[in-house]
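Read the structure below first, then the notes.
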Amino acid sequence: MKRIGVLTSGGDAPGMNAAIRSVTRTAIYNGLDVIGFRRGFEGLLEGDVIPLTASSVGGIIHRGGTILRTARSERFVKPEGVREGLLRLREYDIDALVIIGGDGSFRGAYDLHKLGYPVIGIPGTIDNDMAGTDCTVGFDTACNTALQCIEKLRDTASSHERLFLVEVMGRHAGFLALEAAVAAGAEYVLVPEKKFEIDDLCKKLHYAHQRGKSHSLIIVAEGVMSASDLSSQLKDTGGYDARIIVLGHIQRGGSPSSFDAVLASRLGGGAVEALLRGEAGVMVGRISGKIVTHPIQYAWEEKKDLDEDMMSLVDILGI
Ligand code: F6P
């Protein structure tokens, strides 16, 4: 192996730059050349390449977003697109490709792997909805960002004795919603993985208001419904004046937390080391502090469950 490629794909996540830096420098340290593809699989198809050097990835470990840019490629979902991608990789003499992204991006990587091409995935998404790693790159930062926003909302909520319905990201998964809810001390959390009863929610709000709670917070993952729809369904707010807020893409921005910068650095290095050991068609992850690999499809074939104890904790602590 002489030269590897790297790309970021799907939604950006804080820490992706730290992962690019780590992949690049670990590869160079081991005598490999590194090529970056811009705009994910789209850039691969279009031959939008930039050479990456130890100095070109300097000063990026702390930066949010991705210097390689990212995209959700429609073309790469089709078999013709994947075959064309393979031709490009051969054209540039690239011996293996590192894909940093979520499960959609890993599926594209898996398609390349099925054609016999060596790929390795680094899980990067704020959703944390991938098996094979306790945390995906970007999740911790997004939780902290959501928490900071919710803490600011709490100030105004308690001053005005209001209820805030806070919509967080997560179309299919409630990891971010649940983590933010526990950290912020929210009264209620709504996640796509679990059914909820609107009456139960109203009762809880009544109880909170009756016992003199100055404010209440409900965290709703976007995959359940929008905060605005929830507000329309919530006929009875238990006495609170309700307001809605959508945190949106704010959650994907900003510098990575130290946890994410370290995680991305370890996974980036681990990915290159795995390739050097001859592993391919795998993802790297961190489980109980150790860097491990699993077949890449493990990320979506194995179910990663929400922690039931954390769900109960929201109920217990939000009385
Ligand atoms: O997958 C990451 C994510 O931020 C999801 O939480 C969210 O539903 C989605 O991306 C939003 O995607 P886009 O930026 O393309 O609207």
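The values are calculated or read from the model by the stated rules, or taken from the named source; none is laboratory data. Bear in mind the structure is a predicted one, so any value in this text is a computation, not a measurement. Note that each Cβ is placed from the backbone with ideal geometry, even for glycine, and that neighbours are counted across all protein chains shown. Keep in mind that these areas ignore ligands, DNA and RNA; they rest on the heavy atoms of the full protein, side chains included. Shrake-Rupley method; radii C 1.70, N 1.55, O 1.52, S 1.80 Å.
Among the residues making up the stretch 226-237, a single one is open to solvent by less than 30 Å² (accessible area, probe 1.4 Å) and within 16 Å of the ligand (Cβ to nearest atom): 227.
For the stretch 54-109, a residue qualifies if it is outside any helix (DSSP H, G or I), open to solvent by 50 Å² or more (accessible area, probe 1.4 Å) and aliphatic (A, V, I, L, M), and exactly one does: 61.
Considering only residues in the stretch 238-267 that are open to solvent by less than 20 Å² (accessible area, probe 1.4 Å) and more than 16 Å from the chain's Cα centre (by Cα), the one that is nearest to the ligand (Cβ to nearest atom) turns out to be 240. Taken over the stretch 51-73, the criterion of being within 16 Å of the ligand (Cβ to nearest atom) and touching a residue at least 60 places away in the same chain (Cβ under 8 Å) is satisfied by 64, 65, 69, 70, 71, 72, 73. Just one of the listed residues (308, 273, 222) is assigned by TED's automatic domain parsing to the domain that holds residue 114, open to solvent by 50 Å² or more (accessible area, probe 1.4 Å) and among the acidic types (Asp, Glu), namely 273. Restricting to the stretch 12-37, what's the tally of residues that are buried (at least 24 other Cβ atoms within 10 Å of the Cβ), in a helix (DSSP H, G or I) and hydrophobic (A, V, I, L, M, F, W, C)? Final tally of qualifying residues: 6. Scanning the stretch 188-202 for residues that are open to solvent by 10 Å² or more (accessible area, probe 1.4 Å), in contact (Cβ under 8 Å) with a residue 12 or more places away in the chain and closer than 21 Å to residue 239 by Cα yields 188, 189, 196, 198, 202.
Please work out if residue 127 is in contact with a Phe, Trp or Tyr (Cβ under 8 Å, 6 or more places away or on another chain), open to solvent by 10 Å² or more (accessible area, probe 1.4 Å) and closer than 21 Å to residue 69 by Cβ. Answer is yes for this residue. Taking residue 176, is it under 24 Å from residue 299 (Cβ atoms), within 12 Å of the ligand (Cβ to nearest atom) and not in a loop (DSSP other than H, G, I, E, B)? Answer is yes for this residue. The set of residues from the stretch 275-292 being out of contact with any Phe, Trp or Tyr (no Cβ under 9 Å at 6 or more places or on another chain) and either of a type in the set (Lys, Arg) or in contact (Cβ under 8 Å) with a residue 24 or more places away in the chain (or both) comprises 275, 276, 277, 279, 284, 286, 287, 288, 290, 291, 292.
Can you find even one residue in the stretch 186-193 that is within 20 Å of residue 11 (Cβ to Cβ), within 16 Å of the ligand (Cβ to nearest atom) and not in a loop (DSSP other than H, G, I, E, B)? Within the stretch 186-193 (the criterion being within 20 Å of residue 11 (Cβ to Cβ), within 16 Å of the ligand (Cβ to nearest atom) and not in a loop (DSSP other than H, G, I, E, B)), the answer is no, since none of the residues qualifies.
The set of residues in the stretch 110-140 being part of a helix (DSSP H, G or I) and either closer than 13 Å to residue 286 by Cβ or within 16 Å of the ligand (Cβ to nearest atom) (or both) consists of 139, 140. Here is a check on your reading of the model: is residue 167 among the acidic types (Asp, Glu), in contact with a Ser or Thr (Cβ under 8 Å, 6 or more places away or on another chain) and surrounded by 14 or more Cβ atoms within 10 Å (Cβ to Cβ)? Yes, satisfied.
Filtered by the rule that a residue be surrounded by fewer than 17 Cβ atoms within 10 Å (Cβ to Cβ) and not small (Gly, Ala, Ser), the stretch 148-159 gives 148, 151, 152, 155, 156.
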